[in-house]
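Below: one structure, written as structure tokens.
The values are calculated or read from the model by the stated rules, or taken from the named source; none is laboratory data. Bear in mind that the values here come from a model prediction, so they are computed numbers and not experimental data. Backbone-built Cβ (ideal geometry, glycine too); neighbour counts: all protein chains shown.
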Amino acid sequence: MSEPEFLKSTDTFIRRHLGPTDADIREMLALLGHQSLQALSGSIVPGDIQLNRELNVPSHRGERAALQDLQELAAENHVYRSLIGMGYYDCATPGVIQRNILENPGWYTQYTPYQAEIAQGRLEALVNFQTMVADLTGLPLANASLLDEATAAAEAMAMCAAIVRSSGQERQEFFVSQDCHPQTIAVLQTRAEPLGIELHVGRTNAIEFTKEKFAGILLQYPATDGYVGDYRDIVTRAHEAGMLVVVATDLLALSVLRPPGEFGADIAVGSCQRFGVPLGFGGPHAAFLAAKEEYKRQMPGRIVGVSKDRDGHVAYRLSLQTREQHIRREKATSNICTAQVLLAIMAGMYAVYHGPEGVRRIAERVHGLAAILAAGLRRLDFEIGTEVFFDTLRVRTTKAQADQVVLRADEQRINLRRYEDDSLGIALDEMSTEGEVCRLMEMFAGHERLPFTVAELADSAVTPFPANLARTTPYLTHEVFNRYHAEHEMLRYLHRLQSRDLSLTHSMIPLGSCTMKLNATSEMLPVTWPEFSRMHPFAPGEQSKGYQELFRQLEGWLAEITGFSAVSLQPNAGSQGEYSGLMVIRAYHRSLGEFHRDVCLIPVSAHGTNPASAAMVGFTVVPVACDKQGNVDLTDLEAKAVQHRERLAALMLTYPSTHGVFEPAVRRICQIVHTHGGQVYMDGANMNAQVGLCRPGDIGADVCHLNLHKTFCIPHGGGGPGMGPIGVARHLAPFLPGHPVTKLGGAQSIGPVSAAPYGSPSILTISWTYIAMMGRDGLTKATQVAMLNANYMAKRLEKYYPILYTGASGLVAHEFILDLRQFKDSAGIEAMDVAKRLMDYGFHAPTVSFPVAGTLMIEPTESESKAELDRFCDAMILIRAEIQDVIDGRQPRAHNLLKNAPHTAPVVTASTWDRPYSREQAAYPAPWVRDRKFWPHVSRIDEAYGDRHLICTCPPMDQY
Ligand SMILES: *Cc1c(COP(=O)(O)O)cnc(C)c1O
């Protein structure tokens, strides 16, 4: 007997994730002339690649059920107090920041701030972050975050090589101090080799300052074992020999120690994790990179710059060099796209919250406790590795002593760092207390009766830093770091900034290629569960069984979804997945003795990260043409493959293509590449059109990355965090990323590509929860509804704007391109004007001018309701009429609703109004806008002004 209807579970997630109701779906299908979702997707996905079976992942679970299951996994994680250090320190996330940023969809569902007029809140927060980094490092120019400390160091290394090269020299060696964190050294090794950079790892007193030897050197300050040294002499000698100096450093330490910029460093890198960002078993956290002004053109990642709007107000936007990195393609030296915006904002707000005195007090307290601990251990006859330290000690112990101390620490649920020589490392942090220091001393003493008290030690132990190492200059002096220390002030500041940014809490963000789908609250809840958020990445394996099981399940599901045999969760963004996948391909060729395979074919429509990633693994990029339908030009592909067959390494293919079409010849494309000895890399950014319907592995790809922050519901966070795991076919599994601290990866691993073994584990809980709640049935339906939504919109809009590409069936896949180029001539209107005008209607623009200049690419995703799709279509149709007014001469070409968009409240309410349209038309162009008006904070931003005057730190308060 089947279960009676009324007893069926009411806990259903699929209908929450999907926008359209079943009735909507029927109506939309009817408009498109299709009987069912299956019939629709069946005519979009080429027959010879359809999966035609259910995915082998568990059936859907309800929200409560999935969270309960995840809670059981979480219970298998045992959170000890980790004093391991190595770049990861526990810290207190201020409650006001946790609740109002980290756990707040108003912040975490924002898109990357390409539409700056409706992103002023997070851009201001990022300028705060850049100012904080610049102040603390003593270097004038900071970017708006990188992925982690190790990859930031690798970016700095590439930067040094590029700077030296641009001065006409060919120095391809780089020195790394062995005092750097082991994962930093290992990531540099991975990165250096394909670039032909010879890495020397050694002691700082063994650097050969021979003229023109190294492009640069990397020092760690304080060193991984706590040592704080005076590097002035090294810097001087390096500069005399024409070398650049990179310093990996710790922002908290720099509030009391002389900053790198003041002892001559050219570049500083590091992690901001301990500025209020939870450990998360390794991430996500924001890394930083700061440099001297003269290197601004070589800076990787995004830099927020200060400009002004048309009305002369301060306005922030991404600076020129950020846009340049995307234009540079294979000439780029970095492939960074998604970074760590949300975490950078948290770290910057931690500085706003504490202010200079607060940060200094935290630093002095940690340092004081470490000094007391050092004094106590010395009294107990232990030798401490270094005289000057900040918060980290290395204690000389015999093997027997170390065994005993580690055992006692384990009983008290404390993790210490154990070095290979059996000495022990202790890194204190913001959470340390006198009681903890006492317990640590007792562990080393072996008993509880210490011959001294902490108070006795405190009197003599804490001495000022030597003058050559002490910080004497002020920092965080800008008013923003000194205004909001009362929580009410802080809360209102956070809300003020949030209200300037359009996010998914306002309206759909139909960003083609970027898949801004629902980030369900149930998916987000586990991120801040302590069992996931407070785990140190190098805690012993017995403590992280829950995480390991989560990784195993998620890897299994992703392997099934992509049709691959193994998955690596290490890459921290799509770009890093591309890099890792190409490295795996390269390693595979080399394992067969084919060292000469270095040509990478990339269709001209590819995303800018593709050629940049290829360049980073030392490949030569050969562009492949696309035909008029937007498909890869098979004749050109074959010709290029034949021409380069001796050297062919890979093809990078986005599928469905960036034109939003499932190319019917995809199998043939893969075959051509394989025939000529190459491997197929699939850019999985468009996986939202494949899940459950077809699989990269079946189509013929050898590797594919997934943007978990697109297809698998990790929110974009305003430009990060993200995750870019890769799936590989069996023959490539031995080459997957490894790690120097945690054993993982294949036998012939390419080495680590991220600082932490599993990238950013705490946000993997989001994708786990999504897949668990949707199950095999829900995942496939989501893909079909994504296609339905896109085709429904295309159908409604095709009468008003040409749709640039469609498949053979006349349908698009999950996204489509509107061609606006004709209006340039007929009305002087460009795609960007339409993008800005959409803001007046309360919408974020679709993707502008990618992959085709002068177009908009719309991807609605499955999560948008029919009502929301209709609202967006209505806006586009009304805008089309506004354009017609210009074409027909009813509105002037230079001074109309589109050219003047967006319209701010001060403009619309000003005493004078001299425009050829009404105020109502400007601000309330459709009836439903009244109900949900979003006011852009600034008018159209003057890009050129900001590019001429690059300012990347907070402007004076009177300019706000
Ligand atoms: C988003 C995207 C990328 C880059 O991914 P990130 O996660 O931002 O590094 C690469 N290719 C395509 C087609 C994309 O849409």
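Looking at LEU818, LEU797, which one is surrounded by fewer than 21 Cβ atoms within 10 Å (Cβ to Cβ) and within 27 Å of HIS17 (Cβ to Cβ)?
LEU797
Keeping to the stretch 807-858, report how many residues are within 23 Å of ALA786 (Cβ to Cβ), in contact with a helix residue (DSSP H, G or I) (Cβ under 9 Å, 6 or more places away or on another chain) and assigned to a helix (DSSP H, G or I).
Qualifying residue count, the stretch 807-858: 1.
What are the residue pairs meeting all of these: first residue in the stretch 557-574, first residue farther than 30 Å from ALA286 by Cβ and of a type outside the set (A, V, I, L, M, F, W, C), second residue modelled with pLDDT of 95 or more and in a loop (DSSP other than H, G, I, E, B), Cβ atoms under 7 Å, and 6 or more apart or on different chains?
GLU560/LEU55; GLU560/ASN56; GLU560/VAL57; GLY563/ARG695; SER565/ALA729
Could you check the stretch 559-592 and list, in sequence order, the residues that are aliphatic (A, V, I, L, M) and within 16 Å of the ligand (Cβ to nearest atom)? Break it down into steps so the answer makes sense when it comes.
Taking the stretch 559-592 first, the residues aliphatic (A, V, I, L, M) are 559, 561, 566-567, 569, 573, 582-585, 587, 592.
Hits for the stretch 559-592 are LEU569, ALA573, LEU582, MET583.
I want to confirm something. Restricting to the stretch 912-960 and keeping residues that are touching a residue at least 40 places away in the same chain (Cβ under 8 Å) and of a type in the set (Lys, Arg), which single residue is surrounded by the fewest Cβ atoms within 10 Å (Cβ to Cβ)?
ARG932
Among the residues of the stretch 33-70, which ones are within 29 Å of the chain's Cα centre (by Cα) and free of Cβ contacts under 8 Å to residues at least 40 places away in the same chain?
Listed by number, the list holds a single entry, GLN68.
When you go through (1) assigned to a loop (DSSP other than H, G, I, E, B); (2) over 22 Å from GLU549 (Cα atoms); (3) more than 14 Å from the ligand (Cβ to nearest atom) one by one for GLY697, which number turns out not to apply?
Of everything listed in (1) assigned to a loop (DSSP other than H, G, I, E, B); (2) over 22 Å from GLU549 (Cα atoms); (3) more than 14 Å from the ligand (Cβ to nearest atom), GLY697 misses just condition (1).
Okay, residues lined up against (1) within 10 Å of the ligand (Cβ to nearest atom); (2) of a type in the set (Phe, Trp, Tyr):
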{"residue": "HIS674", "(1), (2)": "no, no"}
{"residue": "TYR681", "(1), (2)": "no, yes"}
{"residue": "ASN686", "(1), (2)": "yes, no"}
{"residue": "VAL691", "(1), (2)": "no, no"}
{"residue": "ALA701", "(1), (2)": "no, no"}
{"residue": "HIS709", "(1), (2)": "yes, no"}
{"residue": "PRO715", "(1), (2)": "no, no"}
{"residue": "MET723", "(1), (2)": "yes, no"}
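Which pairs turn up if I take residues in the stretch 330-346 that are farther than 20 Å from VAL96 by Cβ and within 11 Å of the ligand (Cβ to nearest atom) and look for partners that are in a loop (DSSP other than H, G, I, E, B) and of a type in the set (S, T, N, Q) with beta carbon separation below 7 Å, at least 6 apart in sequence or on another chain?
Matching pairs, first to second residue: ALA339/SER145.
Any chance you could count how many residues in the stretch 762-802 are within 30 Å of ALA831 (Cβ to Cβ) and in a helix (DSSP H, G or I)? Show your work before the answer.
Looking only at the stretch 762-802, we keep the residues that are within 30 Å of ALA831 (Cβ to Cβ), and these are 782-802.
After this cut, where a residue has to be in a helix (DSSP H, G or I) as well, the list is 782-797.
Summing the residues that are within 30 Å of ALA831 (Cβ to Cβ) and in a helix (DSSP H, G or I) in the stretch 762-802 gives 16.
Just name the residue that is nearest to THR112 (Cα to Cα) out of those in the stretch 467-510 that are of a type in the set (S, T, N, Q) and within 25 Å of the chain's Cα centre (by Cα). So that I can check it myself, show each step before the final result.
Filtering the stretch 467-510 down to residues of a type in the set (S, T, N, Q) leaves 468, 472-473, 477, 482, 498-499, 503, 505, 507.
Those left that are additionally within 25 Å of the chain's Cα centre (by Cα): 498-499, 503, 505, 507.
Details: GLN498: 14, SER499: 16, SER503: 10, THR505: 15, SER507: 15 Å.
Top of the filtered list is SER503.
Tell me the residue from GLY581, GLY660 that is touching a Gly at 6+ places or on another chain (Cβ under 8 Å) and in contact (Cβ under 8 Å) with a residue 12 or more places away in the chain, please. Give the derivation first.
On the way: GLY581 fails: touching a Gly at 6+ places or on another chain (Cβ under 8 Å).
After ruling out the rest, the residue left standing is GLY660.
Which condition does TYR89 not pass, out of (1) hydroxyl-bearing (Ser, Thr, Tyr); (2) more than 18 Å from the chain's Cα centre (by Cα); (3) over 29 Å from ALA291 (Cβ atoms), if it passes all the others?
For TYR89, the failing item is (3).
To keep it simple, each residue is scored yes or no on (1) among the hydroxyl-bearing types (Ser, Thr, Tyr); (2) more than 29 Å from PRO715 (Cβ to Cβ); (3) at pLDDT 95 or above.
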{"residue": "GLU324", "(1), (2), (3)": "no, no, no"}
{"residue": "ALA370", "(1), (2), (3)": "no, yes, yes"}
{"residue": "ALA374", "(1), (2), (3)": "no, yes, yes"}
{"residue": "THR398", "(1), (2), (3)": "yes, yes, yes"}
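From the list THR806, THR780, which one is among the polar types (S, T, N, Q), surrounded by fewer than 24 Cβ atoms within 10 Å (Cβ to Cβ) and under 25 Å from ASP69 (Cα atoms)?
THR780
Looking only at the stretch 637-656, which residues are within 16 Å of the ligand (Cβ to nearest atom) and touching a residue at least 60 places away in the same chain (Cβ under 8 Å)?
Start the filter on the stretch 637-656 by keeping residues that are within 16 Å of the ligand (Cβ to nearest atom), which leaves 650-656.
ALA650, MET652, PRO656 - these are the residues of the stretch 637-656 that are within 16 Å of the ligand (Cβ to nearest atom) and touching a residue at least 60 places away in the same chain (Cβ under 8 Å).
When the stretch 725-738 is examined, which residues are found to be away from the ligand (no atom under 15 Å from the Cβ) and within 24 Å of GLY700 (Cα to Cα)? Talk me through it step by step, then tell me what you get.
Step one: list which residues in the stretch 725-738 are away from the ligand (no atom under 15 Å from the Cβ), which gives 727-738.
Selection gives GLY727, VAL728, ALA729, ARG730, HIS731, LEU732, ALA733, PRO734, PHE735, LEU736, PRO737.
Taking ALA650, is it surrounded by 21 or more Cβ atoms within 10 Å (Cβ to Cβ), aliphatic (A, V, I, L, M) and assigned to a strand (DSSP E or B)? Before you say what the answer is, go through the steps one by one.
Numbers: surrounded by 21 or more Cβ atoms within 10 Å (Cβ to Cβ): yes; aliphatic (A, V, I, L, M): yes; assigned to a strand (DSSP E or B): yes.
Yes: the conditions hold for ALA650.
Between SER522, SER513, SER533, SER544, which is in contact (Cβ under 8 Å) with a residue 12 or more places away in the chain and within 16 Å of the ligand (Cβ to nearest atom)?
Details: SER522 fails: within 16 Å of the ligand (Cβ to nearest atom); SER533 fails: within 16 Å of the ligand (Cβ to nearest atom); SER544 fails: within 16 Å of the ligand (Cβ to nearest atom).
When all the criteria are applied, what remains is SER513.
When the residues of the stretch 80-102 are filtered to those that are of a type in the set (A, V, I, L, M) and surrounded by fewer than 20 Cβ atoms within 10 Å (Cβ to Cβ), which remaining residue is farthest from LEU393 (Cα to Cα)? Steps first, answer last, please.
Looking only at the stretch 80-102, we keep the residues that are of a type in the set (A, V, I, L, M), and these are 83-84, 86, 92, 96-97, 101-102.
Cutting the leftovers down to surrounded by fewer than 20 Cβ atoms within 10 Å (Cβ to Cβ) gives us 92, 96.
On the way: ALA92: 22, VAL96: 32 Å.
This residue is VAL96.
Out of the residues in the stretch 593-616 that are over 18 Å from ASN686 (Cα atoms) and part of a loop (DSSP other than H, G, I, E, B), state the one that is nearest to the ligand (Cβ to nearest atom).
ASP598
Under 6 Å by Cβ, and 6 or more places apart or on different chains, what pairs join a residue from the stretch 216-243 that is over 21 Å from PRO464 (Cα atoms) and modelled with pLDDT of 95 or more with one that is assigned to a helix (DSSP H, G or I) and of a type in the set (Phe, Trp, Tyr)?
Qualifying pairs under 6 Å: VAL235/PHE263.
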